[in-house]
Amino acid sequence: MNLATRYLGLDLRNPLVASAGPMTQSADRIKRLAEAGVGAVVLPSLFEEQIRAEADRDELLAEAGIDSFGEATSYLVDPDASVWPRQYLELIGRTSGSGVPVIASLNGSTPGGWTDYARAMQDAGAAAIELNIYYLPGDPLIPSRDAEQRYIDILTAVKSAVSVPVAVKLTPYFSSFGDMALRLEQAGADGLVLFNRFMQTDIDPDTFTVSTGFKLSSPAEATLPRSWIARLRSQLRSSLAASTGVETADDVAAYLLAGADVVMTTSALLRHGPGHVTALLDGLTAWMDRKGIGSVHEIRGLLAPTADTPQAGFGRYGYLRAVEQATRAYSPW
Ligand SMILES: Cc1cc2nc3c(=O)[nH]c(=O)nc-3n(C[C@H](O)[C@H](O)[C@H](O)COP(=O)(O)O)c2cc1C
């Protein structure tokens with residue numbers, strides 16, 4: 001049984017990747033994931049704000065002089081934020097020899113000098129960069145073309161800073177997601193990670209409070225990334241990573257059939273621990289065995305529409321029939 005795959009030009013022993021999250025934030029946790037068999041790991045993101053905080057601290061210290069170190073650091077708005085970038089590079093250095101490729105993650109939303117940090121990540125030993133462009137265009141005066149151009153500009157800046165591959169992790173919320181995907185590929189993206197998970201902001205009508213936070217995903221949320229991976233498979237040359245809703249080996253298999261080169265998981269690893277990597281890989285192997293499949297290459301994109309499928313018709317294909325079926329199934333009165 002051959003589980004090997006290629007992602008961003010890297011040879012991985014299997015397609016299961018631990019995506020950015022708390023379970024990849026220390027050398028010890030990465031070691032346990034590697035021992036459990038994961039194909040690669042993505043470190044938690046280093047945020048634009050943290051890189052700016054580090055730069056501000058350095059500037060402040062340079063101005064204040066080395067003698068007033070304590071006094072100077074006390075002026076800092078967020079000293080914790082300024083420490084993480086250096087620790088991050090150390091984490092890359094400590095884990096890049098862990099036996100599995102370590103992908104560093106940069107997270108930001110505005111063009112600027114923080115993108116140069118990708119170079120430091122590369123120099124520290126990162127096998128690739130995952131660029132999480134987390135941008136919520138809340139200003140109604142920003143035209144959609146400017147919002148989209150921002151993605152291209154940030155990617156171009158990161159690509160010019162590094163020679164390792166760069167994947168872009170992004171949201172599905174574009175008026176023409178396929179066009180955005182093609183533009184990112186043309187701008188140099190070596191891969192796309194579908195999709196980013198947003199903060200779940202909510203309102204409690206009882207307490208009149210607004211809450212923010214991250215909730216773990218459910219497999220039902222995988223249908224959106226899975227259908228975009230299937231649609232883009234024949235349109236793009238770049239790698240495609242699936243992210244969202246992987247709980248069981250069947251979820252991994254479905255993403256591979258849709259056309260994913262790798263399948264990432266965070267929520268399931270947080271719920272079940274590193275041993276879940278082995279359970280997912282064993283389950284994938286058993287499924288391939290049952291179906292008489294010898295390698296991941298054989299099944300990747302097997303159920304994706306071919307390049308000559310008319311995309312417009314494909315989008316509404318079966319729509320009316322599905323509405324009729326659902327109406328029959330769910331109408332109680
Ligand atoms: C607690 C938590 C922390 C996360 N931190 C990051 C992060 O630092 N950078 C990032 O790109 N994604 C982050 N994510 C998103 C995950 O990498 C992943 O894309 C998302 O959770 C969907 O995958 P899942 O359904 O397997 O959880 C985080 C998710 C969770 C739940």
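The values are calculated or read from the model by the stated rules, or taken from the named source; none is laboratory data. Just so it is clear, the structure is predicted and the values come from calculations on it, not from any experiment. Note that we place each Cβ from the backbone using ideal geometry, even for glycine, and neighbour counts take in every protein chain shown. Ligands, DNA and RNA are excluded from the accessible area calculation, which covers all protein heavy atoms including side chains. Shrake-Rupley method; radii C 1.70, N 1.55, O 1.52, S 1.80 Å.
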Contact order relative to length for the chain, counting C-alpha pairs under 8 Å separated by 6 or more residues, stands in percent at 18 percent
One point scatterer per Cα, no solvent, Debye formula: log10 I(q)/I(0) for the range 167-212 at q = 0.23 Å⁻¹ comes out as -0.78
Relative to the chain, whose Cα atoms define the longest principal axis, helix 319-330 and its Cα axis are tilted in degrees, nearest 10, by 80 degrees
Averaging 1/r across every pair of distinct alpha carbons in the range 169-300 and inverting yields a Kirkwood hydrodynamic radius, in angstrom, of 16.1 Å
If the chain between Leu270 and Gln25 were fully extended at 0.36 nm per residue, the gain over the current Cα-Cα distance would be 87.0 nm
Of every hundred units of 1.4 Å-probe accessible area on the chain, the number belonging to carbon and sulfur atoms, as a percent, is 55 percent
For the pair Ala279 and Asn2, the simple spin-label estimate (label points 7 Å beyond Cα toward Cβ) gives in nm 3.0 nm
For Ser26, the accessible surface traced by a 1.4 Å probe with all protein chains present amounts, in square angstrom to the nearest 10, to 40 Å²
Relative to the chain, whose Cα atoms define the longest principal axis, helix 177-186 and its Cα axis are tilted in degrees, nearest 10, by 60 degrees
Helix 249-258 sits off the longest principal axis of the Cα atoms of the chain, rounded to the nearest 10 on a 0 to 90 degree scale, by 80 degrees
So Gln186 and Arg237, fully extended at 0.36 nm per residue minus their Cα-Cα distance, gain in nm 17.3 nm
With every protein chain kept in place and a 1.4 Å probe, the residues Thr110, Thr212, Thr156, Thr171 fall, from largest accessible area down, as Thr212, Thr156, Thr110, Thr171
With every protein chain in place, the accessible area of Leu61 for a 1.4 Å probe, in Å² rounded to the nearest 10, comes to 40 Å²
In the range 170-213, the chymotrypsin sites (Phe, Trp or Tyr not before Pro) that sit in a DSSP loop and have at most 16 other Cβ atoms within 10 Å of their own Cβ are Tyr173, Phe174, Phe198, Phe208
For Phe214 the rounded accessible area (nearest 10 Å², probe 1.4 Å, non-protein molecules ignored) is 140 Å²
Farthest towards the positive end of the dipole of the chain, among Ala20, Phe195, Met288 and with Cβ unit charges of +1 on Lys and Arg and -1 on Asp and Glu, lies the Cα of Met288
For the range 143-195, the dipole about the Cα centre with charges only on Cβ (Lys and Arg +1, Asp and Glu -1), to the nearest 20 debye, works out at 80 debye
To the nearest 20 debye, the chain has a Cα-centred charge dipole, built from +1 on Lys and Arg Cβ and -1 on Asp and Glu Cβ, of 1560 debye
Length-normalised contact order of the range 234-333, Cα under 8 Å, at least 6 apart, in percent, tallies to 30 percent
Simple SL model, points at 7 angstrom along Cα→Cβ for Phe314 and Arg119; separation in nm is 4.0 nm
Stokes-Einstein, Kirkwood over Cα pairs, the range 132-244, 37 °C, 0.692 mPa s; D in µm²/s equals 211 µm²/s
With the charge dipole of the chain built from beta-carbon charges (+1 for Lys and Arg, -1 for Asp and Glu) about the Cα centre, the Cα from Gly259, Ala167, Ser105 projecting farthest to the positive end belongs to Gly259
Residue separation between Thr156 and Thr110 times 0.36 nm, minus their alpha-carbon distance, gives in nm 15.3 nm
Sorted by accessible surface (1.4 Å probe, heavy atoms of the protein chains only), largest first, Trp228, Trp114, Trp333 come out as Trp333, Trp228, Trp114
Helix-only [θ] at 222 nm, the chain, -39500 (n - 2.57) per DSSP H run of 4+, per residue, nearest 500, equals -14000 deg cm²/dmol
For the chain, the Cα gyration tensor yields equivalent-ellipsoid semi-axes (√(5λ), largest first, whole Å) of 35, 25, 21
